[in-house]
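Remarks on the structure that follows.
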């Protein structure tokens, strides 16, 4: 092999490596933007749920201060508050990992459901 041919091969390999590195960086950036969008959406849903929980807590406090509180209404509010809390916990558990190699994330054998879309869809029902 001539020196000229060897230099061409080295240049070709270097170009391929630079292109591959750029492709990897672009893919990481796309994954990061998708992750950030999912986290932003989760924060918005959690914010709405905490606002609703705050209103329900105030209603519960009001009921508990009454001289003759309605036990059914108190039980209903308590169950609704619990459902909101579980909804928030499901959203947090379903947050997509920033790094797919983290243990306990989507597609892992530990059985934990990390399906962000499924959790948000379940809350909207």
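The table below gives the values:
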quantity: Residue 52/residue 24 FRET efficiency (R0 41 Å; Cβ-Cβ; nearest 0.05); calculated: 0.45
quantity: Peptides ranked, highest mean first, by Cβ atoms within 10 Å: ranges 39-49, 18-28, 87-97, 69-79; calculated: 87-97, 39-49, 69-79, 18-28
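Every number here is computed from the coordinates shown, using simple stated rules; none is lab data. This one's a predicted model, so the numbers in the text were calculated from it and none came from an experiment. Because the Cβ atoms are built from the backbone with ideal geometry, glycine has one as well, and the counts that use them run over all protein chains shown.
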